[in-house]
1. Which one of these does B:Thr79 not meet: (1) modelled with pLDDT under 80; (2) among the β-branched types (Val, Ile, Thr); (3) farther than 17 Å from B:Pro51 by Cβ?
2. Please work out which residue is modelled with the lowest pLDDT, limiting yourself to the stretch A:934-967 and to residues that are in a loop (DSSP other than H, G, I, E, B) and of a type in the set (Ser, Thr, Tyr).
3. Could you tell me whether the stretch B:407-414 includes any residue that is without any contact (Cβ under 8 Å) to a residue 40 or more places away in the chain, closer than 30 Å to A:Val969 by Cα, among the aliphatic types (A, V, I, L, M) and within 14 Å of another protein chain (Cβ to nearest Cβ)?
4. Within the stretch B:309-319, can you find the residues that are of a type outside the set (A, V, I, L, M, F, W, C) and at the interface with chain A (Cβ under 7 Å from one of its Cβ atoms)?
5. Taking A:Thr641 and the conditions (1) part of a strand (DSSP E or B); (2) more than 19 Å from A:Lys727 (Cβ to Cβ), which numbered condition does it fall short on, given that it satisfies the others?
6. Quick check on this structure: which one of A:Gly930, A:Gly940 is free of Cβ contacts under 8 Å to residues at least 60 places away in the same chain and more than 14 Å from chain B (Cβ to nearest Cβ)?
7. Could you list, in sequence order, the residues of the stretch A:868-919 that are part of a loop (DSSP other than H, G, I, E, B), within 14 Å of another protein chain (Cβ to nearest Cβ) and under 19 Å from A:Val969 (Cβ atoms)?
8. With B:Ser90, B:Ser81 as the choices, which residue is on the phi < 0 side of the Ramachandran plot, surrounded by 13 or more Cβ atoms within 10 Å (Cβ to Cβ) and either assigned by TED's automatic domain parsing to the domain that holds B:Ala301 or not aromatic (Phe, Trp, Tyr) (or both)?
Amino acid sequence: MSNKIWQSFGERNQTAKHQADAQNEFKEDLPFETGGSLLDAKTPRRDFLKYLGFSTAAAALAASCDTPVKKAIPFVNKPEIITPGVAEYYATTYIQDGDVQSLVARVRDGRPIKLDANEESAIHRCGSSARAQAAVLDLYDTARIKFPGSIVEGEVKEISSLQAFDKKIADELAALGGKPVAILTSTLTSPTSLKLIQEFTAKFPGSYHVMHDAVSYSGQILANEISYGRKALPSYHFNKAKVIVSLSADFLGTWLSPTEFSFQYAEGRKLSDKNEMSRHYQFESILSMTGSNADLRYTHRPSEAGKVALALYNAVATGSATGVADAKLKAGLEAAAKDLKAAQGAALVVSGSNDVNIQVVVNAINEAIGANGTTINWAYTSNFRQAIDSQIDKLVEGMNAGAIGALFIVDSNPAYTYHNAEKFKAGLAKTKLTISFNTRLDETTELCKYVIPDNHFLESWGDAEAKSGFYSFIQPTIHPLFKTRQWQDSLLIWGSGKAAVVATAVSDSTSTTTSGVATVVSNGGDYVNYLKAYWLQRLGSNEAWDNALRSGVINADANIFAAATHNAGAVTGAISALQASKVSTSDFEVFVYEKVGIGSGSQASNPWLQEMPDPISKATWDNYFIISAAAAKEQLGIDITNNGQVDAYEADTMKPVIKVTVNGKELELPVLIIPGIQKNTLGVALGYGRSKKVGVAVDGVGKNAYVFQSSKNGAVTNFADVSKFEKTSIRYEVAQTQTHMTYTDSLNYKRVEVVKETTLATYKKHPEMFVWAHQDLQHHYTKTGDFRNEGSLYDPKLNDRPGIHWGMSVDLNSCNGCGACVVACNAENNIPVVGKREVARGHDMHWLRIDRYFVTDDKNPDDVNGVVYMPMMCQHCDNAPCENVCPVAATNHSSEGLNQMTYNRCIGTRYCANNCPYKVRRFNWADYTGADSFKDNQKGSISDVTMEMNDDLTRMVLNPDVTVRSRGVIEKCSFCVQRLQDAKLTAKKENRPLEDKDLHMACGSACASGCIVFGNVNDKNSKISKVRRENPNRLYYSLDMIHVLPNVNYLAKLRNTSDNDVDPAIDAEKAMRDKLHAATAH
Amino acid sequence: MNKRYSSKNLLITLLTLVICAFTQVHAQDGKALFNANCASCHKIDDDLTGPALRGMRERWGDDKLLHLWIKNWSAAVATGSEYAKKMSESRPAVMNTFGSLTDEQISAIIDYVETAPAKKAPEAGGSNAGAPVEKDDNNLLFAIITLTMAVLAIVMLTVNGSLRRLQEAKDGVPSKPILAIYKNKTYIGIFAVLCLVLFGFFLSKGAVDLGRQKGYMPEQPIFYSHKVHAGINQINCLYCHGGAEEGKHANIPSVNICMNCHMAINEYKGEQLYTAEGKEVNGTAEIQKLYAAAGFTHGQAWDPSKAKPIEWVKIHSLPDHVYFNHSQHVVAGKVQCQTCHGEIQKMDEVEQFADLSMGWCVNCHRTTKVQFYDSATGAGNKFYSIYEKFHEDLKSGKLDSVTVETIGGTDCQKCHY
């Protein structure tokens, strides 16, 4: 077995196109006109002179104008805690679809601009998801509904005042004639809201509350009821597990509480002093992000999931994985079972299936391996998903039967996400009063009768109980931007029957809070009092309430573990059901999955998330079918081992489109070839194909794959047989980023200078294997071994960093590729959204990208042994090649080791980008952020979504401490220099040396895995110094041999495969080195 | 014996000297501390926002309680003292807390207040209000000399040409016809080059100066005199521009800060004010303008919700691509306001003192010394302890001082990001 490391098929095969691309920084040729007479050119010399004359005249005219008079208008009565130009921080909570993340919002001059993890939360002390990071942009979305109204022909017709609206609703409610009210929400974690709904429904006899999750966990909840008598989800502790087996659960990307699990998982992935780490098996059909991080990965057909679970159960019980045919899969299951049993009490099996029987069997396995009470904790239940599929089915039946008087819809969109959306729509039409509280005119809202938009969570009051006993609070960080009202306020008002209270000053409760607690008051009033009363009763005092708001969380004791009583008898029924289940034999099965960025699609209108490349496919802005290399060869005739065909497929952004029919429903989508997918599986992501009324960003983006879901035995299934698979002659553009930033690979095309990875067994046998390359360099190019100073032509004094020397370390072993850092970087550094067309032609602007490398078998690309994610940003080389070639010294080095970019000096030659070995410099091909433009004069030259990002409302998200770049300048990662400057200033003001606690990089703070460490290398006590000191064997610098002296180091990736899986190539290299060493010693 | 006696003598003398010096510092400190901390709300003999202070020691009776009141008035009320309670209820404006003042400092302030000379009649018109001093300007002289020389040169050249032509005529060599200056290609050429050079010079100078406005002195909506406030009345700059200590903006004070004092001060009694053009200004009328904006009627309680913001004209503007932080300079760098803003305490109307160009910034960064922490005196900032190498160089004499530039103060990304 020999491994190959590669990013694109072209690279794998070293095709002609790939080699040409690797030579060029920019994908396109410059628009030089050649041939013909000069005067025939599009812009001949005469035109040039005309423009020159005009611009000189214009400049002269502009210069003769007076400088405009600027006004400085101070506050009338300055609030004590607000100082213009100084940021305020408020603890708040991101809530969406049942996801709960405690955050701290940075508020500058009254507008929230950045969300970071709340370190006081015990659920995960650091990190947040990409979606939570992007949520601040949703606040400033122009597509939000701006006032309450009635919906006429799919448009909102404003109702003049909230009072008038309340009056209308009161009349309608009175006229229901005793029919019940149904309140449909997504999973609701707020204890006060649940109480409030209960009180409301009690006032309307027969009324009830229904929860509906776009992606259902109903099977698992019901299975827990069967196995443990608990209709809930437990807490998981991946950090306590030495062996993790995941059956199609994408727990690092999308399953249940991925940020929490990433935080826990990383603990086991950081190499301990004894060179130990957890072992992770993944059995799945597509290549999920979690699967890509697994040490050992096996594939099976989607319909085979039941058999796989059963075989694992058997293997744990008897040692033999009976019931699966594939020999490799069987061996994998048996190995997993053996490891699980060996790690009794420190092992965990999770399954992403919605099938009750599978989950019951998984519970039985967990019982057998001692997970119950250790890695699965029933002391605290997870509240992230609570919906039971049958509830909404019953509601839809009721609606269609005309039995429902009124339907209130909160943060839920069944017309888009329900598996039988047409039936839901029909039921909606038969319901007399339908009111949506959704914030956008989505697929469901446009069919309702009334809409009263909810506030964004950053404008709201609230609470959330992520896990039982773990509370997180929401306080407004900004006054509501539009005429919106929290839905809880509406329920309180409608339930009480009294008139609306509008924009009343809220009771003194808020104004007397101590500093650090919001004094901004939402316009409602009723709910905040309700909330406060509830918590005062629970907490006992005003002070405790203020404290809870200030810290944002109330934590339970995380050290308590409890098991639930397992009912072993229930498993026999589940086993026989699984035994009776049939594995499909069709050519293809479709498997619907969630993408890490878009998820269920509720935040799909967020441009940052749309432009965040998917971890696996590196595609932006679309969904598509994913297919294995083997199936591509058979069904599409694209052989990725054939160079000509690879160049034709990969270099062309226009991908072939296929038409797939499932259960009589068709989807026409482009197809992407992803190695490592099961051969008979077609994957397609949910969350796309939204109505364009929810935002410009979703206009024409992908298709809705919820239509492929169906209900089987009352549970939603995420796979189905493909009845028809047709090729079409259509081609469709997919904007993938991975081939853009190719950098040269010279040594045997093995990428060992850039990516270093091996198996844990190899590393244990040859711990110094990653250092060999550096030792060679020292040996060949230095006399004393001082590679840094001796390896250069330049004066070593240039390398002096007298005070601070910034450095970053990225642990490839714990990076799981989730992309939260990418979005955090966008938000912090005002990075523009460029739109799909621009991404497709290589104009993406991300300062931080995550390079994805497949490690596959030499011969069979579908045999994926591992995937390495490598966050790549400016390496701040101390001997930077970009600096030497800038003709205007716009990029140069700071005394602290930063590679500085001075925008106002840059003239846009792009020499630096050409000379950057890491390809991390980005060029502003257009004025993406509207820095220098008049309103609307860029229409047509930049994409619609970029135009939208330039709207005055959307621009409120910009960070005022970072320059907004205009057209024609290069930009790149600055190591968040604005935060570094701020950190130093804080230390100076406090008259003390700089400490680690001052430094918060946008990327590092967003990382739940804690794989990015940053700090002052000169300080021997800093975290970065410690990491570098303690990991001498895994530490390496990318492209070390070109002596650019990066300030970013990486820690090599290890895969904990079997205990004796030593790479023979490394053995051979070691032998050769020993021989060479012996020869030179003589 | 003799030796011992003398050393003892020396010791006593030294001690006396030190004590004398200390007392002197003490008295001066009292005045400075009063001006910095108290003067914005209190006068010695008159009521201002706060009451007149003379005799407070006697009124309070208890020095300890008085100190506590000054540090944190609510704590003094909490002790249950009747007088403190009475004081806390006596005025609409709440007194600030001064937790950072030490007991010695408070004693110094009280000593100063109790012993300060009684109020004097206002001094006669200041002598410094005279005509502006003319700058030395030799440009005109140089221009005249250059012009004279140029004319002389041309005359000489012409004379020389005429003489040569005469000689040639004498020698019988045919001479070229005399051309008028405007037809002579040499002259035209020289003239053209000269024009181009001059044009280029002024164009680039003009371009460089675009947006710079040194000397900018716009008319403000209210004739607010920094001279009256910061100069004559010695109000600390940071009382109004507190942002300079906290963040990037110094901030124009909000109306409620003006009203802190002007609720009590409703007329101007100082010397006559003049605009830059020499027009007389009625100070009391200007205070009325403030009242109009604040929605305040003298003698009635002020309701801040009725106030309207005052649209001051911004004078100091930096380009968007520069990051400037006031607190960095004021708190960390201990730079005086006047270094960049000129003698603001002498300006009736504020004028932009520096051109705020990059060259001007960088020059200061090159010359300003960094205050390394000195454990002996306790002065300087401990942040700089990380520059071990420079500390050693200073000790060994390799360096005589460390400037802002030495520690990277002229790196691009110290200001541009």
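1. Of the numbered conditions (1) modelled with pLDDT under 80; (2) among the β-branched types (Val, Ile, Thr); (3) farther than 17 Å from B:Pro51 by Cβ, the odd one out for B:Thr79 is (1).
2. Checked the stretch A:934-967; the qualifying residue modelled with the lowest pLDDT is A:Ser941.
3. yes
4. B:Pro309, B:Glu311, B:Lys314, B:Ser317
5. (1)
6. Working: A:Gly930 fails: more than 14 Å from chain B (Cβ to nearest Cβ).
After ruling out the rest, the residue left standing is A:Gly940.
7. A:Cys874, A:His876, A:Ala880, A:Cys886, A:Val888, A:Ala889, A:Ala890, A:Ser894, A:Leu898, A:Thr902, A:Cys906
8. Only one candidate qualifies: B:Ser81.
The values are calculated or read from the model by the stated rules, or taken from the named source; none is laboratory data. A quick note: this is a predicted structure, and the numbers were derived from the prediction, not measured. Virtual Cβ from ideal backbone geometry, glycine too; neighbours counted across all protein chains shown.
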